[in-house]
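Asks: Handing you this structure, nothing more for now.
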Amino acid sequence: MLTAVFAIATGLLVLATLAPTVRSGAWWIRGFDFPRLQLTVLSALVLGLHLALHPLDDAWTLAIVSVNAACMLWQAWWIVPYTRLARPEVQWAPADAQPRIRLMASNVLMHNRDADRLLALVRAHAPDVLIALETDAWWERQLDGLQDTMPHVIRCPLDNLYGMHVYSRLPLLEPEIRYLVEDDIPSMHATVVLDGRHIALHALHPRPPSPTEADSSAGRDAELVAVGRAAHASPVPVIVAGDLNDVAWSRTTRLFRKVSGLLDPRIGRGMFNTFHAHLPGLRWPLDHLFHSRHFTLVGMRRLPDIGSDHFPILVELALSPGGNDPDAGLDVDAQARKDADAALAQTDAARAPVPH
């Protein structure tokens, strides 16, 4: 009886482990990219119980235990880079490194009406740039109170959960709102002026693959590839930030990093899980900041609950070219180029070229 129970449990873990290897954008397949940490823990629990309750005295038991262990190790392989067991990809900034830029990104949850908590965090941490997502006209009125210290603003209030605002203490040159893939999903692009230096900023919030949002990840994947290629072609330092509705270790985000050449400051430091704020056992990193190798890291932290289903995230970078390993990041290869072309071919993402 025990053998059958553990065989069924292991079979389900095998299905969850193998699902993301299928090259499909279907939401119910892409959804298995997210809970790798939870599946690792679940495999470990099943494995521990099996070993505690059933001796390894027959071939079936040995086979089940071996398969479960393989699932656990495979899931762990994806998430270990986002722990302190891995070597950091982005180097710490020297104490005297200048200039510095501090960015805060927050998915506010459109129906959340407790703006004071976010405003208090902004006042306390004084970011140079705030990227606020899921902002409607009500949120715009609340956030406009920041203009005394953050006078440069890009506004796109929407009531479809995809509104977006950028507030900046630093000048924003050529600010643009683009609809790269879908007519109701904006992204924001601007050149930030930091002590006379130009930085390309891309703020994103693509639609996720889910039964209530999109049947496929095609739109999200295409938007990430389009922005990734623009980042790679940029003649100036680049920062890409926002709620990407994807986890850091997914095939799509890894493709974005290969295409863009951008670095992830979380690698070697932690997952910084930002969603779901109210479900501690079901959290993963959905809110991201990637940057070109021109930057080193001053600090990064997840901020307290603001009443949203996402925690805000705060990252401070130093513009210190040459501070990172020249081999840092993921290398683009022939397969990545092919996958990027395929992602764009599924949509008309090329209709609005992304500013470099």
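The values are calculated or read from the model by the stated rules, or taken from the named source; none is laboratory data. Fair warning: this is a prediction, and the values are worked out from it, not measured in the lab. Ideal geometry is used to build each Cβ from the backbone, glycine not excepted, and the neighbour counts take in all protein chains shown. Remember, those area values only see protein heavy atoms, side chains included, never the ligands or the DNA or RNA. Shrake-Rupley method; radii C 1.70, N 1.55, O 1.52, S 1.80 Å.
Asks: Please note which helices (runs of 4 or more DSSP H) are completely contained in region 1-114 and include at least 3 residues that are farther than 30 Å from His294 by Cβ and in contact with a Cys (Cβ under 8 Å, 6 or more places away or on another chain).
Replies: Details: elements: 2-18, 27-30, 36-53, 59-79.
By residue number, 2-18.
Conditions (1) among the hydroxyl-bearing types (Ser, Thr, Tyr); (2) closer than 18 Å to Ala203 by Cβ; (3) out of contact with any Cys (no Cβ under 9 Å at 6 or more places or on another chain), marked per residue:
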position	(1), (2), (3)
Gly261	no, no, yes
Pro265	no, yes, yes
Gly268	no, no, yes
Met271	no, no, yes
Thr274	yes, yes, yes
Arg293	no, no, yes
Arg302	no, no, yes
Leu314	no, yes, yes
Gly322	no, no, yes
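Asks: Go through region 23-51 residue by residue and tally those that are farther than 27 Å from Tyr82 by Cβ and open to solvent by 80 Å² or more (accessible area, probe 1.4 Å).
Replies: Step one: list which residues in region 23-51 are farther than 27 Å from Tyr82 by Cβ, which gives 50-51.
So of that shortlist, the ones also open to solvent by 80 Å² or more (accessible area, probe 1.4 Å) come out as 51.
Within region 23-51, residues that are farther than 27 Å from Tyr82 by Cβ and open to solvent by 80 Å² or more (accessible area, probe 1.4 Å) number 1.
Asks: Just the residues that are open to solvent by 10 Å² or more (accessible area, probe 1.4 Å), of a type in the set (Lys, Arg) and either part of a loop (DSSP other than H, G, I, E, B) or touching a His at 6+ places or on another chain (Cβ under 6 Å) (or both), please, taken from region 244-275.
Replies: Hit for region 244-275 is Arg269, nothing else.
Asks: Continuing with this model, one more query. In this structure, does Val181 turn out to be outside any helix (DSSP H, G or I) and touching a residue at least 60 places away in the same chain (Cβ under 8 Å)? Step through it out loud before you land on a result.
Replies: On the way: outside any helix (DSSP H, G or I): yes; touching a residue at least 60 places away in the same chain (Cβ under 8 Å): yes.
In short, yes.
Asks: Among the residues of region 17-47, what is the count of those that are within 15 Å of Trp74 (Cβ to Cβ) and touching a residue at least 40 places away in the same chain (Cβ under 8 Å)? If you could, list the steps in order and put the result at the bottom.
Replies: Step one: filter region 17-47 for residues within 15 Å of Trp74 (Cβ to Cβ), giving 17-22, 32-33, 35-44, 46-47.
Going one step further and asking which of them are touching a residue at least 40 places away in the same chain (Cβ under 8 Å), we end up with 17, 20, 33, 35-38, 46.
Count: 8.
Asks: Just for region 55-71: of the residues that are over 12 Å from Ala7 (Cα atoms) and at pLDDT below 95, which one is least open to solvent (accessible area, probe 1.4 Å)?
Replies: Just the residues of region 55-71 that are over 12 Å from Ala7 (Cα atoms), to begin with: 55-59, 69-71.
If we keep only those that are at pLDDT below 95 too, we end up with 55-59.
Values: Pro55: 79, Leu56: 97, Asp57: 105, Asp58: 56, Ala59: 81 Å².
So the residue we want is Asp58.
Asks: Turning to a different aspect of this structure: With the requirement that a residue be open to solvent by less than 20 Å² (accessible area, probe 1.4 Å), of a type in the set (D, E, K, R) and under 19 Å from Asp341 (Cα atoms), what does region 188-243 give you?
Replies: Of everything in region 188-243, those that are open to solvent by less than 20 Å² (accessible area, probe 1.4 Å), of a type in the set (D, E, K, R) and under 19 Å from Asp341 (Cα atoms) turn out to be Arg220, Glu223.
Asks: When the residues of region 139-148 are narrowed to those that are more than 23 Å from Pro208 (Cβ to Cβ) and touching a residue at least 24 places away in the same chain (Cβ under 8 Å), which ends up most open to solvent (accessible area, probe 1.4 Å)?
Replies: Residues of region 139-148 that are more than 23 Å from Pro208 (Cβ to Cβ), as a first pass: 140-148.
Filter once more, keeping what is touching a residue at least 24 places away in the same chain (Cβ under 8 Å): 140, 142-143, 145-146.
On the way: Glu140: 38, Gln142: 60, Leu143: 1, Gly145: 43, Leu146: 1 Å².
Going through the qualifying residues, I end up with Gln142.
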